[in-house]
1. Please report the antiparallel percentage of the DSSP beta bridges confined to region A:140-394, to the nearest 5.
2. Output wanted: per-residue J couplings in Hz (rounded whole) for region C:299-309, from phi through Karplus 6.51 cos²θ - 1.76 cosθ + 1.60, θ = phi - 60°, x for Gly and Pro.
3. Of A:Lys237/B:Lys215; B:Lys89/B:Lys113; A:Lys343/B:Lys358; A:Lys162/C:Lys296, which pairs sit farther than 29 Å apart, going by alpha carbon to alpha carbon?
4. If you take the accessible area of C alone plus A alone and subtract the pair, what total do you get in square angstrom, rounded to 100, with a 1.4 Å probe?
5. Loop-only chymotrypsin sites (Phe, Trp or Tyr not before Pro) in region A:236-296, please: DSSP not H, G, I, E or B, and at most 12 other Cβ atoms within 10 Å.
6. Roughly what % of Cα-Cα distances in region B:117-260 sit above 24 Å, to the whole percent?
7. When the dipole is taken about the Cα centre of region C:140-394, and only Lys, Arg (+1) and Asp, Glu (-1) are charged at their Cβ, what size is it in debye, to the nearest 20?
8. Can you tell me which aspartates and glutamates have their Cα less than 15 Å from the Cα of C:Lys360? Leave out same-chain residues fewer than eight positions away.
Amino acid sequence: MLAGTAAIKKKTFIEKRQVQPVCISSVHLHMTAATMQVSQKDFEKAQEQLKLLKNDPGNETKLKLYALFKQATEGPCNSPKPGMLDFVKKAKWDAWNSLGSLSQDNARQEYTKLVSSLISAESAGKKKDTSPKESSHGGYETLIVTTDNNITKIMFNRPDKKNAINHKMYREIINALQEAAKDDSTIAVLTGNGEYYTSGNDLNNFSNIQPSEMKKMAKEGAELLKEFVGSFIDFPKPLIAVVNGPAIGISVTLLGLCDVVYASDKATFHTPFSQLGQSPEGCSSYLFPKIMGSAKANEMLLFNKKLTAAEACALGLVNEVFPDSTFQKEVWARLKAYASLPKNSLAVSKQLLRNMEKEKLHAVNSQECEVLTERWLSDECLNALVTFFQRKSKL
Amino acid sequence: MLAGTAAIKKKTFIEKRQVQPVCISSVHLHMTAATMQVSQKDFEKAQEQLKLLKNDPGNETKLKLYALFKQATEGPCNSPKPGMLDFVKKAKWDAWNSLGSLSQDNARQEYTKLVSSLISAESAGKKKDTSPKESSHGGYETLIVTTDNNITKIMFNRPDKKNAINHKMYREIINALQEAAKDDSTIAVLTGNGEYYTSGNDLNNFSNIQPSEMKKMAKEGAELLKEFVGSFIDFPKPLIAVVNGPAIGISVTLLGLCDVVYASDKATFHTPFSQLGQSPEGCSSYLFPKIMGSAKANEMLLFNKKLTAAEACALGLVNEVFPDSTFQKEVWARLKAYASLPKNSLAVSKQLLRNMEKEKLHAVNSQECEVLTERWLSDECLNALVTFFQRKSKL
Amino acid sequence: MLAGTAAIKKKTFIEKRQVQPVCISSVHLHMTAATMQVSQKDFEKAQEQLKLLKNDPGNETKLKLYALFKQATEGPCNSPKPGMLDFVKKAKWDAWNSLGSLSQDNARQEYTKLVSSLISAESAGKKKDTSPKESSHGGYETLIVTTDNNITKIMFNRPDKKNAINHKMYREIINALQEAAKDDSTIAVLTGNGEYYTSGNDLNNFSNIQPSEMKKMAKEGAELLKEFVGSFIDFPKPLIAVVNGPAIGISVTLLGLCDVVYASDKATFHTPFSQLGQSPEGCSSYLFPKIMGSAKANEMLLFNKKLTAAEACALGLVNEVFPDSTFQKEVWARLKAYASLPKNSLAVSKQLLRNMEKEKLHAVNSQECEVLTERWLSDECLNALVTFFQRKSKL
């Protein structure tokens, strides 16, 4: 249920306030006391200072300021109560009226004090601003995690390995998502450092396995994968993927669990599961057909079709594609705007959409991990991996 | 299970009949009685009149006419019974054979009588046609509801308020849908009077609320919304949206519950829920991801992305976009064609598609209304509304 | 979970082997026995023969060959055990080391014997190759069913009837799918012989029905349809539709149950259910809204909209459209590549995707068949069929 106008822009507080100073009587004669003269000067100065305030102090404060100004300049509320339907006039009237018989002197003082507190709060904020606004989350080896402007950015950081996800990185992404879920940020962002978004599961995860340990390792790998995908399913805030370059395997399938996906025109999307004797994960077996229809999903998930960014956008896997040269600038401008929206509304709305299929998604995740465990122990998978490593090592 | 040919066009009855008159022996000699001569003249005149019939009288009547004509001109059925596989020949043979030993005289009279009744039925229909075909449904303040050509049109009619939906209008739309469900129409159509389709929920619905009544009002608002959306979920016939201009909020989300959506190129689609501190409704949290994939749905439902008509069409929210200059003409021609299709087939098919998720849709609707109730009582929503009204009233 | 590189191409075994012969010491002096000299000559000949091998003998055999070659030329494994992380080196070291103290003579003989067995296996295979590679499945009247290159092709073969599906053909398609499910093929393909893909249900199926038998026939028809659609739901391998020309009715709806759909630009897609007084089947009432969104699905399923191949592709019903002149060549090249992928991975992945909604699909199928039974007994359907046959027979 929504607004009766097409575009609602938030004007800055200053713009809106410029209407008011006009009604201030600029000449005051016959002051009764020195203290009061000081108070009057301070009052006028406060009005000037208020114009310099950069941030909107919020509706409640603005109503308070309005009321004190009226009380200070006109005395107790003397206008008729507005009709019930005039929401704003009534709010203003209520504020003024609530001051009762507060003297004009006291109103001036209150007003002055309030403006002063606003000014000093803002300048305190500014000092904070000159210290680095970006807070960095320590303790990560494979990621760079920072929070800035209400955005927690989780950046894959193994650029020399095409950001391939090794076991350490799986664990660290799980942790980073748990941290981001709890911190003050409004949205979280996933992106890659360097040329790649990520090349997906690091196949070296498979290379250190003794035949006798195969079953155990497959089981443990599936458990890690299930927890990893689960942490995407349960993430409670908007999660946005900023796909800076090629994405492979699980980093593609997880896009279905991200809420919005922006891509550079250098990005590609490839899920060569059957080629490696494996099977789809990341809830893609359920989400990809929902997103793009079963036929297009099968070409990717069964037959290893690699998509360009434009193709992925046409299929709805990606929201929008940007030229690589302006990608970061355009996307981050947009993300900052998103992060300034009402935080709880965003979280509640995301959860409304997600909760509808959370149970289903966890069931799908379990099922996919089970099938994949068997795949990892199959001859087809073993042969495909040997071929992959042979090619790499020029056997 | 379907036809063996690509295009099946209904020819008019006259075209098909033109084959037959050839086989009438045009000379009749040695009439035995005056009554019979008259009857023969009437019979010939009836054959001429039949050619002037504009509407197909239906297969049953055509078979009856065929049988009587054969009986009148050739006497009792004398041809061999056609094979089981020749459906049409057999139907004609059966009809003729069913007349048994009816005399040629009587057959001519029956034929003449039948044609005469068809002609007078049609001209009676024509007289009806000269009176206004459109029937108007009275008793609505915020809507114009009419039925014509098997189409019930429900037109939002607060053009000076951009067709914003106030409480009265919610109620009236519920009633109009209940009426349309029961009337003789084949399809129902929603459209807007004036420049807007509708600007969605009239925010003045919020303006007349005392703080002490907030909870009660939020609860009642959610109940009304739930009933309103429920009446779209349960609507039993094809429901088509003719989006003549900008659509906002709930009027956009409800498009997911309409069966077909045609839009003028002046239409836009905007759901600024989070901007107003609110959350999605109209089953959009479930249907939008189904229609356009989750990424594109989230940009609209979480991040207030406004779509052009062409964008909405590319995402499957809209079926087709027409230039505004020819919009009404093209769309209504199409709707008339739809309304002439077998009525029960359409209703049964729509219900087949809808019943599959009716339960789910009602559950989603409840869930959305519950979340929205909390939203309406939140500071984020209150602040957004105050800002909205301040802007409107230049506080 | 996937590969760390974007493109993984399988090189032929020969390409990879060419690295190895370099390390063979080409001069062998002071042979100790005639048998050994023969063995050495055979060994060298075997090395040459190995280069002529056309097919990759598989990783296990290659490791065995590697080990025997090393053992024959260098004696027992003498290099240090590679690190755990070097998967391939370790596999090779393991193979060599596993030969223990096998003598160089015996290693040469084993090597020679192994190569010899590979060569004769391949030439036996070649002889098979010179006999027609394509195996034809007999006993079909309305289909041509063949298996070739791991692909079972089921071709509708009533070209003079636009491949309309009569009762016999429904039965034969069910049987052909059951056979294809069990045979050695990796994928199955549906296509049509002649100009049409198929014109759908042969309406002559309706023409031989006595009014007294209507109910019985409708019931039996619905049972056949349910079994027919069910055999698509349960098909366990990738099933690909190669739509060579116009597709109508059930042949269109079943595309939703195929995994990938390629179309000639001569193909069209038409489901005139309501026009014939009928209702959607083939799980289209559930799958079409999933694939293309409800609005676009309704235009097809309720209002008989006929799509071009390009339109069907834009809606996700079709994967890709090819010019008719190169259609067969391009599509079959692609299908051969698909059929060479790991067979079990494909089957398991397809089943993973399908099992997620198998239960739902069977429920939808039942529901659709129930509704259709009623439709077949309705006046709307009867009238539409009579009109259809009248038109055909120029009543």
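1. Details: 8 of 29 bridges.
Antiparallel bridges: around 30 percent, rounded to the nearest 5.
2. 4, 6, 7, 9, 10, 6, 5, 9, 9, 6, 4
3. Working: A:Lys237/B:Lys215 27 Å; B:Lys89/B:Lys113 25 Å; A:Lys343/B:Lys358 32 Å; A:Lys162/C:Lys296 41 Å.
From A:Lys237/B:Lys215; B:Lys89/B:Lys113; A:Lys343/B:Lys358; A:Lys162/C:Lys296, over 29 Å: A:Lys343/B:Lys358; A:Lys162/C:Lys296.
4. On the way: alone 22190 and 22200 Å², together 39310 Å².
Heavy-atom accessible area buried at this interface is about 5100 Å².
5. On the way: sites: A:Tyr262, A:Phe269, A:Phe273, A:Tyr286; in loops: A:Phe273.
Sites meeting the loop and neighbour criteria: none at all.
6. On the way: 3864 of 10296 pairs.
Here the long-distance tail beyond 24 Å is 38 percent of all Cα pairs in region B:117-260.
7. Its charge dipole is roughly 220 debye.
8. Hits, sequence-local ones excluded: B:Glu357, B:Glu359, C:Asp234, C:Glu281, C:Glu368.
The values are calculated or read from the model by the stated rules, or taken from the named source; none is laboratory data. The model shown is predicted, which means the values in this text are computed figures rather than measured ones. Cβ: placed from backbone, ideal geometry, glycine included. Neighbour counts: every protein chain shown. Side chains are part of the model used for accessible areas, which takes the heavy atoms of the whole protein and leaves out ligands, DNA and RNA. Shrake-Rupley method; radii C 1.70, N 1.55, O 1.52, S 1.80 Å.
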